[in-house]
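Student: One structure coming up, written as structure tokens, with questions to follow.
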Amino acid sequence: GYHGANQDAGFLAREAEKIGYPVLIKARAGGGGKGMRQVEKPKEFAAALEGAVREGQASFGDGHVLIEKFISSPRHIEIQVFGDSHGNVVHLFERDCSMQRRHQKVIEEAPAPGMTQEMRAAMGEAAVNAAKAVNYCGAGTVEFIVDGSDGLQSDRFWFMEMNTRLQVEHPVTEMITGLDLVELQLRVANGETLPFAQHDLSIEGWAFEARIYAEDPANGFLPSVGELHRYDMPTHLARVDDGVEVLDEISPHYDPMIGKIITYGSDRQEALGKMKEALRETFVVGVTTNVAFLLALCSSKSFCGARIDTGLIEREMVSLLDDGKADKIDVAIAALTEITGPWNGFEIAFEGRMESWTHWGAGKSWVDLVYDGQPYSAWVRYLGGSNYGVDIGTGEIQLNFDMVTETEASLDSTLISWADGSRKIRSDKIDENLIITGDGKTHVFHVVDPLGGKVADDENSDLIHAPMPGLIKIVQVKKGDSVEQGEVLMVVEAMKMEHSLVAPREGVVENIHGVEGGQIEDGALLISLVKDQAV
């Protein structure tokens with residue numbers, strides 16, 4: 001690749017041609033995928049370069065970029081190193097960080113699946129040599145791109161960068177080595193000698209880390225902001241590293257990661273099983289999160305079978321997102337929960353409400369819900385004991401509920417079961433929205449007031465609204481411009497990431513309701529289109 005000082009756009013484009021497409025544009029000071037763009041064709045280079053420079057400047061105060069060859073079947077494997085002020089350097093083995101979206105790590109594990117002793121030794125030696133070459137002292141991570149197209153081979157890895165600090169994913173290394181890396185870093189910084197040599201270190205077991213983000217996978221992974229009405233993490237099942245609590249405000253001004261879940265087992269299968277269980281016991285309400293997406297990823301055949309590379313998520317995106325949609329059981333649970341008053345933990349006497357005087361038959365109640373724009377009407381009737389019947393137009397579904405009382409091992413939940421399954425849920429009511437959380441999924445149902453009139457129609461596709469609060473970085477068009485479907489009209493920045501707003505169809509820009517550099521609120525009207533030239 002090209003790592004030089006010449007930042008002329010034309011020169012960089014010619015360097016990209018020499019390297020050969022596809023290439024990767026990377027902000028020199030970048031991290032976490034910020035200031036990084038993959039370019040497949042020469043005609044895409046100029047726009048990608050502009051975006052990478054802008055994001056690098058905004059995030060790090062440095063718009064200088066590098067151009068590198070993009071490897072088509074890569075795995076991202078990094079080596080944890082430690083050096084002291086007495087010339088000792090060791091590595092603490094590897095972490096596999098190949099599960100990425102937009103170059104942002106999503107799930108990490110240690111050790112790396114398929115790693116051989118020969119390759120571990122070669123990568124460890126390369127990382128230690130890199131640290132020694134600069135007399136490195138402290139904790140650091142040497143990151144490599146590995147060609148995973150034909151298994152892991154000791155001559156098929158390349159140096160990418162070194163992060164001179166502890167990283168977000170360091171807990172998985174702590175789990176498999178039994179070391180406290182934060183304590184070790186402080187001791188080394190205090191001038192102490194490393195308390196071990198390389199031959200003293202070994203790997204025991206397997207560990208995973210999943211990053212919990214405030215983002216909406218079904219809406220292009222846009223950041224989600226708001227107040228945390230519920231924040232129950234599975235501390236009884238896993239190590240949880242976080243820095244938020246109930247009633248905290250998640251703002252657009254910071255990275256969207258709000259917590260991490262770390263699990264450990266004797267082997268990969270056990271550690272992964274614990275991760276799936278922990279994700280099912282994660283309940284966050286107030287912002288949309290990626291918990292259901294993470295659970296779907298942990299359950300995918302490719303990931304479970306360790307057939308991984310950095311492109312896995314993009315290849316399987318459709319199935320990973322489909323797993324988070326509400327099904328008829330979810331709708332039935334929501335209907336039952338609305339009738340019984342879930343926000344009181346099913347303490348309202350359902351039987352007393354449903355079995356009042358009727359002309360004939362069992363008492364039943366009607367509820368109207370809207371989910372993702374789709375209306376549902378449901379009858380709910382009491383069947384005796386803790387059993388209920390719910391009909392959403394597809395035939396009656398019989399549901400049974402039991403309260404899961406608070407213990408040292410679990411928080412208050414409701415266990416809903418039916419003929420061929422069960423689900424532990426928690427439920428919240430915020431204004432007219434009923435929020436059902438369970439099995440890693442969060443579904444928001446709008447409860448229709450029968451006296452409140454019809455539900456509003458969907459937004460006019462000619463109106464482009466802000467998908468989140470943030471900053472208008474670029475306005476690409478002006479009033480009167482003709483635009484094509486998919487054309488970028490405006491670039492908005494939130495949580496240090498740029499998001500392009502595109503035209504939903506062909507048309508003409510009628511009005512622009514924002515200016516570059518202006519702050520915007522969630523849902524604010526930004527651009528309106530018309531279908532003809534009469535502007």
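Student: Around GLU506, which amide H atoms from residues at least 5 apart in sequence, or from another chain, sit under 5 Å from its own amide H, with H modelled in the peptide plane?
Tutor: GLN485
Student: Among (1) 194; (2) 180; (3) 147, which one is volume of the Cα convex hull per residue in Å³ computed from these coordinates?
Tutor: Comparing each candidate, only (2) matches the computed number.
Student: Still on this structure: Would you tell me the accessible area of ARG307, worked out with a 1.4 angstrom probe on the heavy atoms of the protein chains, in Å² to the nearest 10?
Tutor: Its accessible surface works out to 140 Å², give or take rounding.
Student: Report the charge-dipole magnitude of the chain in Debye, nearest 20, computed about the Cα centre from +1 at each Lys and Arg Cβ and -1 at each Asp and Glu Cβ. Write down the numbers at each step before the final one.
Tutor: Details: 48 positive and 84 negative charges, 205 e Å.
Using Cβ point charges on Lys, Arg, Asp and Glu, the chain gives about 980 debye.
Student: Per residue, how much accessible area does the chain have with a 1.4 Å probe, in Å²? If you can, show how the numbers build up before the last one.
Tutor: Values: 24800 Å² over 535 residues.
With all protein chains present, the chain gives 46 Å² per residue.
Student: Quick query: amide H of ASP216 versus all other amide H atoms, modeled in the peptide plane; which residues come in under 5 Å with a sequence gap of 5 or more or a different chain?
Tutor: PHE221, LEU222, SER224
Student: Which links in LYS301/LYS328; LYS364/LYS441; LYS276/LYS424; LYS34/LYS69 stretch past 21 Å when you go from one Cα to the other? Don't jump to the answer; show the numbers that get you there.
Tutor: Values: LYS301/LYS328 25 Å; LYS364/LYS441 28 Å; LYS276/LYS424 14 Å; LYS34/LYS69 18 Å.
Over 21 Å Cα-Cα: LYS301/LYS328; LYS364/LYS441.
Student: Right, here's the next one. Per residue of segment 514-522, what does 6.51 cos²θ - 1.76 cosθ + 1.60 with θ = phi - 60° give for ³J(HN,Hα)? Whole Hz please, x for Gly and Pro, Karplus curve as stated.
Tutor: x, 10, 4, x, x, 7, 10, 9, 4
Student: Here is a further query. What is the chain's relative contact order, in percent, from Cα pairs under 8 angstrom and six or more apart in sequence?
Tutor: Numbers: 1147 pairs, mean separation 49.8, N = 535.
Computed over the chain, the figure is 9 percent.
Student: Relative contact order for segment 108-207 using alpha-carbon pairs under 8 Å, separation at least 6, rounded to a whole percent?
Tutor: Numbers: 96 pairs, mean separation 32.2, N = 100.
After rounding, I find 32 percent.
Student: Classify segment 59-164 from the C-alpha gyration tensor, please: rounded if a/c falls under 1.5, else prolate or oblate depending on whether a/b exceeds b/c. Can you show the working numbers first?
Tutor: Numbers: a/c = 1.72, a/b = 1.11, b/c = 1.54.
Because a/c hits 1.5 or more and a/b fails to exceed b/c, segment 59-164 counts as oblate.
Student: Turning to a different aspect of this structure: For the chain, which whole percent of the accessible surface, found with a 1.4 angstrom probe, sits on carbon and sulfur atoms?
Tutor: Numbers: 11900 of 24800 Å².
Carbon-and-sulfur percentage of accessible area, whole number: 48.
Student: Using Cα positions and a limit of under 12 Å, work out the aspartates and glutamates in reach of LYS479, with same-chain residues fewer than 8 apart set aside.
Tutor: LYS479 reaches GLU510.
Student: With θ taken as phi - 60° and the coefficients 6.51, -1.76 and 1.60, list the Karplus ³J(HN,Hα) couplings across segment 368-380 in order, rounded to whole Hz; mark glycine and proline as x.
Tutor: 10, 10, 10, 10, 6, x, 9, x, 9, 10, 9, 9, 10
Student: Hey, which of these cross-link pairs are over 32 Å Cα-Cα: LYS473/LYS531; LYS26/LYS531; LYS43/LYS473; LYS18/LYS105; LYS26/LYS132? All intermediate terms of the calculation are to be shown ahead of the outcome.
Tutor: On the way: LYS473/LYS531 26 Å; LYS26/LYS531 39 Å; LYS43/LYS473 23 Å; LYS18/LYS105 29 Å; LYS26/LYS132 26 Å.
Pairs exceeding 32 Å: LYS26/LYS531.
Student: While we're on this one: Collect residues whose amide H, placed 1.01 Å from N in the peptide plane, falls under 5 Å from the amide H of GLU94; neighbours closer than 5 in sequence don't count.
Tutor: Under 5 Å from the amide H of GLU94 lie the amide H atoms of ALA112, each far enough along the sequence or on another chain.
Student: Nearest 500 deg cm²/dmol is fine: what mean residue ellipticity at 222 nm does the chain get from its DSSP H runs of n ≥ 4 alone, each adding -39,500 (n - 2.57), divided by its residue count? Before the final figure, lay out each step's value.
Tutor: Working: 12 runs with 115 residues, N = 535.
Taking each H run of at least 4 residues, the total per residue is -6000 deg cm²/dmol.
The values are calculated or read from the model by the stated rules, or taken from the named source; none is laboratory data. Everything numeric here is computed off the predicted structure, so don't read it as measured data. FYI the Cβ positions are ideal-geometry reconstructions off the backbone, even for glycines, and counts take in every protein chain you see. Remember, those area values only see protein heavy atoms, side chains included, never the ligands or the DNA or RNA. Shrake-Rupley method; radii C 1.70, N 1.55, O 1.52, S 1.80 Å.
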